[in-house]
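The values are calculated or read from the model by the stated rules, or taken from the named source; none is laboratory data. What you see is a predicted model, and the numbers here were worked out from it, not measured in a lab. With ideal geometry, Cβ positions are generated from the backbone for all residues, glycine too; neighbour counts draw on all protein chains shown. Areas reflect the complete protein model, heavy atoms only, side chains present, ligands, DNA and RNA absent. Shrake-Rupley method; radii C 1.70, N 1.55, O 1.52, S 1.80 Å.
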Protein chains: 2
Amino acid sequence: MKQALTEKEIIRKVESGGVLSPKGYLAGGVHAGLRYNKLDIGVIISEKPASCAAVYTTSHFQAAPLWVTRDSISSEGLIQAVIVNSACANACTGQKGLEDAYKMRALASEAFKVAQHHIAVASTGVIGEFLPMEKIEAGIKALVPGSSEKNAQDFQTAILTTDTVMKSCCYSAEIDGKLVHAGGAAKGSGMIHPNMATMLGFITTDASISTEHLHSALKEVTDVTFNQITVDGDTSTNDMVLVMANGEAGTKELTPDHPDWTIFVDLLKANCEDLAKQIARDGEGATKLIEVTVSGAGSNEDARTIAKQIVGSNLVKTAVFGEDANWGRIIGAVGQADAIVGPGNVDIQLGDILMLKGSTPVEFSEEEAKAYLENETVEIKVNLNGGAGKGMAWGCDLSYDYVKINASYRT
Amino acid sequence: MKQALTEKEIIRKVESGGVLSPKGYLAGGVHAGLRYNKLDIGVIISEKPASCAAVYTTSHFQAAPLWVTRDSISSEGLIQAVIVNSACANACTGQKGLEDAYKMRALASEAFKVAQHHIAVASTGVIGEFLPMEKIEAGIKALVPGSSEKNAQDFQTAILTTDTVMKSCCYSAEIDGKLVHAGGAAKGSGMIHPNMATMLGFITTDASISTEHLHSALKEVTDVTFNQITVDGDTSTNDMVLVMANGEAGTKELTPDHPDWTIFVDLLKANCEDLAKQIARDGEGATKLIEVTVSGAGSNEDARTIAKQIVGSNLVKTAVFGEDANWGRIIGAVGQADAIVGPGNVDIQLGDILMLKGSTPVEFSEEEAKAYLENETVEIKVNLNGGAGKGMAWGCDLSYDYVKINASYRT
């Protein structure tokens with residue numbers, strides 16, 4: 001409890017913050033003609049090579065840009081620029097796709113005077129089509145990175161596909177006596193749009209940290225943030241979250257032994273959780289954000305598994321869309337989660353309204369419940385009363401528009 | 001290939017067959033007032049105690065009737081009557097719910113002069129409500145089982161909830177020189193209707209077989225039939241498939257050593273697959289049956305896992321509803337299956353239309369594909385070219401009506 005309070009005191013949200021809020025980064029976006037009338041190529045550049053860690057989709061069909069990015073990072077663990085295009089995912093494109101992704105890296109190297117192995121590449125868009133390399137080349141050459149708020153917004157817009165809103169945030173904390181920022185931008189309207197799936201997250205920080213420790217912090221944080229959102233359970237071939245740390249804040253190098261290590265991890269977590277929730281809220285056809293908290297599980301992992309099962313249930317999602325306080329669907333989802341669940345002592349709350357206590361139905365006001373479900377954020381709380389494990393997950397409701405968007409695509 | 005042909009020759013579908021097609025069974029259904037104006041309590045009775053095997057939901061919250069049925073079967077492995085009610089699931093009802101389920105068994109014992117431990121109990125309907133025991137009692141007393149086609153239909157209708165059609169079938173085969181039947185009835189409109197979920201399957205056969213071997217045959221068969229259908233991935237607290245074998249066909253006792261053992265297993269499989277497909281086709285809001293066949297996997301289990309991942313994908317389901325030949329969504333689903341997938345050599349067909357060959361897009365006629373997708377049954381075929389593993393799964397498309405039915409329930 002003490003720790004939670006302290007964390008809230010220390011980690012502050014930066015109003016209108018984004019990828020350029022941390023020191024020492026430039027960004028930009030251009031319209032290269034891949035999308036009609038919208039920015040479609042973006043870049044983030046660090047003033048110097050930054051420690052870099054990334055996590056990738058678990059799909060068996062990882063797209064070409066992920067292979068190139070992994071190749072770059074494996075070289076020295078340093079990235080100075082990340083080049084991103086929307087509209088074409090460069091996935092399922094075979095050897096030519098891989099060559100195109102390397103070519104995209106080479107073009108960015110030339111344009112920004114950054115070593116090729118210091119460049120990460122990301123793509124999002126249609127699967128099974130080749131990158132239009134002439135447009136990519138012209139676009140990269142036309143990019144003029146800068147440090148203004150508009151430059152940040154241009155990047156943050158260029159990476160979108162079917163998203164209805166730009167997704168960015170920044171948090172700050174005092175670490176080692178210095179003000180450290182972690183900013184980020186993301187795209188993803190679920191992993192759901194047909195060939196336009198993909199969640200991408202780009203985090204910048206001015207903390208000083210080795211690639212190795214940055215990777216372990218990112219892994220820890222994505223497990224409880226980006227990996228805990230779901231729109232429809234579909235995973236893309238191109239999902240990637242990448243974090244760069246350029247050390248410009250002037251802290252000593254952060255390691256797990258550093259007294260402020262947990263503050264840094266919490267800072268990164270605040271950033272990733274914020275972006276993850278923005279993605280869940282913007283899920284295709286979504287009208288509400290659903291936040292599920294599971295407590296009393298045997299382990300944090302079990303709690304997260306159950307939370308994700310609930311938020312991923314089509315029955316729960318349609319009930320929330322219909323503003324129907326149907327706890328039977330929640331217990332149904334808990335029941336099938338691949339986790340240890342003692343069936344005899346489960347509590348379920350919708351917001352603050354108790355509906356099931358010790359696995360036994362509790363009388364509640366349907367009117368009050370319906371009124372609660374009219375909120376834009378709906379909280380489902382499940383207590384298994386069986387341990388200290390806690391976990392959260394985020395998603396959105398399932399609406400007519402979800403079906404409309406996904407049934408009518410391409411036709 | 002030889003075996004498949006032989007099987008088709010030997011296993012014959014019985015027109016308009018059902019639970020009373022095998023010898024030595026009676027059935028019936030009544031309106032007890034649990035549902036408005038519809039039959040809601042049903043019974044199947046074998047003329048003598050029958051070997052019995054059952055498989056149950058994997059939900060952590062198994063409903064009371066499942067505990068009572070398991071108790072009965074564990075006594076001697078014999079069941080003579082199965083009593084079923086719809087409208088109320090008797091799930092999440094605690095100690096009182098369990099007492100009610102035992103009471104229901106006792107009432108059936110008295111009414112049909114069958115030992116209590118030879119009676120199985122099943123319920124389907126709303127979660128978290130108690131059985132209306134007075135109505136249950138009056139209903140059971142009013143049941144008059146018989147052997148006519150109407151008696152079978154009464155049972156088959158009494159077990160339905162949101163199903164739009166009755167589900168039954170029967171197949172026959174010559175085993176040990178005798179004509180053996182396996183008939184069945186099922187309910188389930190997906191596992192999807194809110195508190196009215198549940199898939200129930202009741203199979204009758206006049207084969208002679210021990211409980212032990214019947215159980216292993218049922219397990220083998222449900223793994224490739226009932227367990228391979230999905231409407232929305234939600235599992236009920238009350239799912240159960242139960243098979244009774246009364247030996248009335250006069251065969252010698254079937255064991256895995258019997259020369260016709262595989263014919264019996266195939267007979268049971270034909271029955272279960274037919275019922276499973278009827279359930280998938282009647283999924284809430286469904287307009288089409290989707291049949292996925294995966295071949296070339298490392299194992300049959302991997303092939304089934306991948307097939308179920310494809311047929312369970314909301315993206316694939318909405319694409320089929322929208323008649324959109326979007327193979328990118330299929331590869332997306334294959335990509336995230338928890339199975340071994342060599343990403344470089346995958347073929348995808350929609351019906352007979354090849355769309356991906358060796359993981360590389362193939363040009364196809366969009367018009368032809370669209371025309372194919374207008375069929376009521378859509379076949380998706382995936383070949384991983386990596387082994388001899390084969391598997392199938394069945395589901396349905398995701399339509400506006402699915403959202404409508406599940407969002408507006410109770411409101």
- Message: Test of understanding: extend the Cα→C-beta vector of B:GLU47 to 7 Å, then name every residue of segment B:130-171 with backbone N under 14 Å from that spot.
- Response: B:146-148
- Taking the Cα centre of the protein assembly as shown as the origin, how large is its charge dipole in debye, to the nearest 20, when only Lys and Arg (+1) and Asp and Glu (-1) carry charge on their Cβ atoms? 160
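Residue separation times 0.36 nm, minus the C-alpha to C-alpha distance between B:ALA115 and B:ILE340: what's the value?
76.0 nm
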- Calculate the spin-label point distance for B:GLU220 paired with A:ASP223, positioning each point 7 Å from the Cα along the beta-carbon direction, and give it in nanometres. 4.1
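When you look at the Cβ of every residue in A:310-320, what mean number of other chain Cβ atoms sits within 10 Å?
If you average over the peptide's residues, the count of other-chain Cβ atoms is 5.
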- Query: Picking from B:GLU368, B:GLU110, B:GLU323, which is most flexible by a Gaussian network model of chain B using Cα springs under 10 Å?
  - Reply: B:GLU368
- Message: With a 10 Å cut-off between alpha carbons and a GNM built on chain B, which of B:HIS118, B:HIS215, B:HIS60 moves the most?
- Response: B:HIS60
- Item | Percent RCO, i.e. relative contact order, over chain B, from Cα pairs under 8 Å lying at least 6 residues apart | 18
- Separation in nanometres of the label points that stand 7 Å from Cα toward Cβ, at B:LYS96 and A:THR287: 3.5
- Item | Paramagnetic reach from A:GLU212 (point 7 Å along Cα→Cβ, amide N under 16 Å) across segment A:268-297 | none
- Note on the structure: With the full set of protein chains present, the residues of segment B:26-66 whose 1.4 Å probe accessible area falls by 40 Å² or more relative to the chain alone are B:HIS60, B:PHE61
- Descending Cα extents along the principal axes, segment A:2-280, whole Å: 53, 41, 32
- Query: With charges set only on the Cβ (+1 for Lys and Arg, -1 for Asp and Glu), what does the dipole of segment A:2-280 come to about its Cα centre, in debye to the nearest 20?
  - Reply: 480
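Using a Förster radius of 30 Å, what is the FRET efficiency between B:ARG70 and A:VAL362 based on their Cβ-Cβ separation? Nearest 0.05, please.
It comes out at approximately 0.55.
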- Around B:ILE348, with a cut-off of 10 angstrom between Cβ atoms, what is the net charge of the other residues, counting Lys and Arg +1 and Asp and Glu -1? +1
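Taking 0.36 nm per residue of separation and subtracting the Cα-Cα distance, what length does fully extending A:GLU253 through A:GLU134 add?
Length gained, A:GLU253 through A:GLU134: 38.6 nm.
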- Percent relative contact order of segment A:1-141, based on C-alpha pairs within less than 8 angstrom and at least six residues apart? 24
- Cβ charges +1 (Lys, Arg) and -1 (Asp, Glu), total dipole of segment B:100-178, debye: 140
- Quick one: among B:PRO65, B:PRO145, B:PRO343, which has the greatest mean-square fluctuation in a GNM of chain B with alpha-carbon springs under 10 angstrom? B:PRO343
- Total Lys pairs in segment B:297-411 closer than 23 Å by alpha-carbon, pairs eight or more apart in sequence or interchain only? 14
- Query: Among the aspartates and glutamates, which have Cα under 20 Å from the Cα of B:LYS23 when same-chain residues fewer than 8 positions away are ignored?
  - Reply: B:GLU15, B:GLU47, B:GLU149, B:ASP154, B:GLU174, B:ASP176, B:ASP206, B:GLU248, B:GLU253, B:ASP260, B:ASP266
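A:GLU15 to A:ASN375: FRET efficiency via 1/(1 + (r/R0)^6), r the Cβ-Cβ distance, R0 22 Å, to the nearest 0.05?
Using R0 = 22 Å, I get an efficiency of 0.40.
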- Set of lysines near A:LYS103 by C-alpha distance (under 17 Å), chain-local residues within fewer than 8 positions excluded: A:LYS113, A:LYS135, A:LYS141
- Just the number, please: buried accessible area between A and B, total of both chains, 1.4 angstrom probe, nearest 100 square angstrom. 4400
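So if R0 is 25 Å, what FRET efficiency would B:LYS178 and B:SER148 give, r being the distance between their Cβ atoms, rounded to the nearest 0.05?
About 0.55, to the nearest 0.05.
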